[in-house]
Each structure stands twice: as structure tokens, then as C-alpha cells.
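Down below is the structure, laid out as C-alpha cells.
The values are calculated or read from the model by the stated rules, or taken from the named source; none is laboratory data. Remember, it's a predicted structure, so these values are computed and weren't measured experimentally. Cβ sites come from the backbone with ideal geometry, for glycine too, and all protein chains shown count toward neighbours.
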């Protein structure tokens, strides 16, 4: 069982709260989303494992059970081509759960006309594999968002 | 076996949006579908983890493979997704 932690502090809005249908309709996978506090910060690894992909507006960490979790920082942020996002670890690195992996600023993303809402997605997971999925309320960085059997 | 080598045209490479659309399309097929980068082992095209793990960048070529009935049509659809510069937003 993997415990998936929130990469950012903020308010949980659920995937339906992501203003992008590909995420909102769970086409990328099931999970949840967090509307982050408007401040410069460092997003953390949602699980312990290996960094499969570091873009760095989005990253994937695969844990020892083979569960891959995608964290997507903001919506449409791929268009920023990395501007405003500083990777703190490299692709292929091992990270601990809660380790700081990307420096970014939710205010900057919002000031650029994009939503800073962060999607946290279980890749290749069926919806029933997730339990205790948070869908609302305030969340601290590094606290549990859902469990993945 | 039907094989096809296609260039990734998405400006940001095979990131979340095109990867999700690609995998959704591949997953509708009954047969196995694989995708590979030159010199690497083919991976399951129905797995978004595997497809994101390819780390396919803009302009890179990847090879799609499927067998059986409808393989050509399926590869047409997958090629169409890869050939778009940005399938909507991400």
C-alpha cells in the first residue's frame, strides 16, 4: 500500500476542480488536486521512490511497489517551458517521501493567467485501487491525500 | 506485425495531455500495442506510466507496433495524436 502525500500546502479541490478536462475527467488517472497557497515554495515528492520524469512543471515518482504518481504543478504550465520552475533533483534520482523536488511560485503561475491548481494522479491505477481520497478541506504539505492498494 | 515510426510533434514532447490521449486510444484496442524509442525495449502503449517513462521529446522518433485485425487503423489514430503540435491545452 502506498500513502500518497500532498506535494503542496493548500485547499483540496478534487480532480473535478482542475480547470482542464483531461485531468478533471480522470483521463490521466484517478487522484485528487490541491489549490496551493499563493506563495513561493518547494513542491515535495508524494511518495518515496525514483524520479521517472522531471519536466519540471510536472514530475513522476515511482515507489518500490511500482506505483507511479504524477504531480502536475498548475494547468497549462507546459507552455512555460520550465520558466519559473527549478528542479531540485534530477531524473533517475531516488527521493524520500516529502523531499523537496521543485521550486516554483503559485503566485507567478497565476499572475501569468494560468491556474496554479496541482493535480496528483495515480498512473495506471483503477479508481477502486484508491482509498481515503481527500476531496476537500485544507491540507498541509506532506500530509496524506490518498492510499493506493 | 504492423510497425510504424512516427515523430513526436507535441512541442513539449509526450507530456501528460498527449500521453493520456495516446494511452486512452491504445487501451481501446483488443490486441497488444507497444511503443519504443530507438535502442530501447518496447513498452506497453496502454500504460501511461510506461508512455511517460519513455521521456519522448519534441522531434524524437518513436516506433509503434501492433498485430492483428485493425492494426493499421489503430496505428493511424495513434500517429494522428502524435502528429499534433498541441492537442488542446495541458
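How many residues are touching a helix residue (DSSP H, G or I) at 6+ places or on another chain (Cβ under 8 Å), outside any helix (DSSP H, G or I) and over 13 Å from residue B:47 (Cβ atoms) if we restrict to region A:109-125?
Summing the residues that are touching a helix residue (DSSP H, G or I) at 6+ places or on another chain (Cβ under 8 Å), outside any helix (DSSP H, G or I) and over 13 Å from residue B:47 (Cβ atoms) in region A:109-125 gives 7.
Considering only residues that are over 16 Å from the mean Cα position of the chain (by Cα) and either within 11 Å of another protein chain (Cβ to nearest Cβ) or at negative phi (or both), which ones fall in region A:92-113?
Listed by number, the residues that qualify are A:92, A:93, A:94, A:107, A:108, A:110, A:111, A:112.
Hey, any hits in region B:43-53 for a residue that's at pLDDT below 95, in contact with a strand residue (DSSP E or B) (Cβ under 9 Å, 6 or more places away or on another chain) and surrounded by fewer than 15 Cβ atoms within 10 Å (Cβ to Cβ)?
no
Report those helices (runs of 4 or more DSSP H) wholly inside chain B carrying at least 2 residues which are within 14 Å of chain A (Cβ to nearest Cβ) and closer than 17 Å to residue A:55 by Cβ.
B:16-27, B:48-53
Residue by residue through region A:126-149, note down the ones that are surrounded by 14 or more Cβ atoms within 10 Å (Cβ to Cβ), assigned to a loop (DSSP other than H, G, I, E, B) and more than 13 Å from the chain's Cα centre (by Cα).
Within region A:126-149, A:133, A:134, A:135 qualify.
In region A:78-88, which residue that is more than 8 Å from chain B (Cβ to nearest Cβ) and not in a strand (DSSP E or B) is surrounded by the fewest Cβ atoms within 10 Å (Cβ to Cβ)?
Top of the filtered list is A:83.
What residue, of A:9, A:48, A:24, is more than 9 Å from chain B (Cβ to nearest Cβ), crowded, with 16+ Cβ neighbours inside 10 Å and without any contact (Cβ under 8 Å) to a residue 24 or more places away in the chain?
From the options A:9, A:48, A:24, the qualifying one is A:24.
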